[in-house]
Every structure is written in structure tokens, then in C-alpha cells.
Amino acid sequence: MTDDPIIKFDKVVKRFGDLTVLNKLDFQVAKGEKVSIIGPSGSGKSTVLRILMTLENIDDGVVTVAGEPLWHEPEPDGLKPASEAHLRKMRAQLGMVFQQFNLFPHMTVLRNITEAPTKVLGLSKQDARLRAEELLELVGLADQAQKYPHQLSGGQQQRVGIARALAMRPNVLLFDEPTSALDPELVGEVLNVIGMLAEEHDLTMLLVTHEMRFAREISDRVCFFDRGKIREQGTPEELFTDPSEDRTREFLKAVLD
Ligand SMILES: Nc1ncnc2c1ncn2[C@@H]1O[C@H](COP(=O)(O)OP(=O)(O)OP(=O)(O)O)[C@@H](O)[C@H]1O
């Protein structure tokens, strides 16, 4: 881990109509850091990830990824809104694992993983296949390559979702409540895979989660979001055992009891 921020939100404002979801948010993630975002429903956690995936635009402020503005392009007298080509280039640095898996239902597991590397990165079919097979091995699904998503359990589908995101070799992996759509008995297998990635790989990881115990285990830093801002942040130890803000304490009491 280095101190260079790979992700930086600088006074970012995001509104939906009259609702201000991000309120001059300042937020940074260092290269290699594993950061969890926790907080009440509607506090803007998923919006942060959706902005990074270029699924939502911003209303004010600047987001940079690896030192380059995400939603803007520099021009001599300042920044102008980014072109589609710029967004595409920037988006390639990030991978996302969605709450609802979002696999292509009509494609096999293997094809779900090889599709973007061949179409977007221009990998040969053979190289994409080798990469997919390695990743399926990594997430414990080497024997499921020829199945279709509906033939898999939710936990297996989510592990394919993780393999698919990794196949693009992103610099940053984003997880949006990756276990919240799963039956309780399937949560563990997905958390195990994410935990293994956090421990054994130099990836930068940003995780929105309701799994407090997991956030505590895998994170270098935990951020408590409240009404579109970081109310408090620190190491898991600091935040979970000795929060300094009443609001954090109330939230943790409500979710941990
Ligand atoms: N496309 C949209 N149009 C209008 N409002 C939206 C849109 N997307 C999100 N919102 C609203 O913005 C607020 C923040 O949403 P966001 O999904 O970031 O919250 P969250 O902290 O991730 O919540 P949760 O834990 O429930 O997923 C919510 O009030 C939500 O209803």
C-alpha cells in the first residue's frame, strides 16, 4: 500500500432533484487500501460506487482516479465535462461486483467472463479463456464453466460476478453490498472469496456492506457515512470499539444488537 490516492473525491456534490445525496464529499482511497463504507440506508454509499463506475454523473466537485479527473477532461482554462471516450478509458480501471450479480442469463459462466476481455480489451479467445479458467479456479468454480447462471446458486453466481470483474484486471474493485441478495447460508462462501482477495492480492478494494463483522475483518479503514458525508472514519478497531461520534455509536448499536 502506498499513500498515493488512487481514488479521490474533492467536494463532490450529487443531487437527485431536490435531494442532495452527496454533500461536498471529500474522500480518498490509497493504492492497495481496503476500505469499507458503512452507514444508514440512503446515506449515499452506493452512489459513491455508481459515480466511480460512471453510472451516475456528479453535480459539482471533482473525482479523480489514479490522478486523472473521471468526469472531466482538462482544457487550457479549466475542466470541461468528459467525453464518452474519456469515460470509457477511465471506467476500464474499475471493476464492480453488484448486489444482484448482473450476469448475462443467456451466456455460459465461461462466456460471461470472457465476453468483456475479448470485446473491450481485444484479448484473443484463447487468452480470454485461459484467464477465465484461472479465475474460476480462484473462486472455486472450475467445474461450473459450461453452466448457465440459472443453474447455479446465488453464492456461485456472485463468485462468477467476482471472477468476471477480475477478468478485466481492474486497478480498483468495487463491491456494492455483494451478499445482501443471498440466502444467509450462502453468504459465507462469497465473503471467503472476497476475504481471500483482500489478503492475498494487492488490489485496491472499496466495499459497501451491511456485514459489520466482515468489514471489521478485512478493512484497513472503515468509513461511516451519514447524509452524504463521512461522519467518522478510522481503523476497524477505532471505529467499532471506540467511535468518537454519538451518531456512529447509535448506528453501530442498532445494527450490531
Ligand atoms: N436514480 C435515482 N433517482 C432518484 N433518487 C435516487 C436515485 N438513486 C439513488 N437515489 C436516492 O439517493 C439516496 C442515496 O442512495 P444510495 O443508494 O446511495 O444510498 P445507500 O446509502 O447506498 O442506501 P442503501 O444502504 O439502502 O443501499 C436515497 O435516498 C435514494 O433513494
Completion exercise
If N is the residue count of segment 1-55, its Cα Rg over 2.2 N^0.38 Å rounds to 1.20
Practice task
Let me have the 222 nm mean residue ellipticity of the chain computed from DSSP H runs of 4+ only, each contributing -39500 (n - 2.57), with the sum over all residues rounded to the nearest 500.
Solution key: -11000 deg cm²/dmol
Completion exercise
As a Kirkwood estimate from alpha-carbon pairs, segment 115-197 has a hydrodynamic radius in angstrom of 13.3 Å
Handout entry: Peptides 218-224, 208-214 ordered by average Cβ neighbours within 10 Å, highest first
Key = 218-224, 208-214
Practice task
Any chance you could run the full-extension gain for A142 through A66? It's 0.36 nm times the residue separation minus the Cα-Cα distance, nm to one decimal.
Solution key: 24.0 nm
Exercise for the section: Sorted from largest down, give the three principal axis spans of the alpha carbons of segment 47-204, whole angstrom values. Expected result: 55, 37, 31
Practice task
Send over a whole-number figure in Å² for the accessible area per residue of the chain, probe 1.4 Å.
Solution key: 49 Å²
Practice task
Amide H neighbours of K34 under 5 Å, at least 5 residues apart or on other chains, H built in the peptide plane: list them.
Solution key: M205, D220, R221
Fill in the blank from the handout: For segment 55-145, inverting the pair-averaged 1/r of distinct alpha-carbon atoms gives a Kirkwood value in Å of 15.7 Å
Fill in the blank from the handout: For the pair R169 and D10, the simple spin-label estimate (label points 7 Å beyond Cα toward Cβ) gives in nm 3.0 nm
Fill in the blank from the handout: Whole-percent carbon and sulfur contribution to the accessible surface of segment 1-153 (1.4 Å, no ligands, DNA or RNA) stands at 49 percent
Practice task
Find the Cα radius of gyration of segment 155-257, compare it with 2.2 N^0.38 Å by division, and give the number to two decimals.
Solution key: 1.13
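The values are calculated or read from the model by the stated rules, or taken from the named source; none is laboratory data. As the structure is a prediction and not an experimental result, all values here were calculated from the model. All Cβ positions, glycine included, derive from the backbone under ideal geometry; neighbour counts span all protein chains shown. Accessible surface areas use protein heavy atoms only, side chains included; no ligands, DNA or RNA. Shrake-Rupley method; radii C 1.70, N 1.55, O 1.52, S 1.80 Å.
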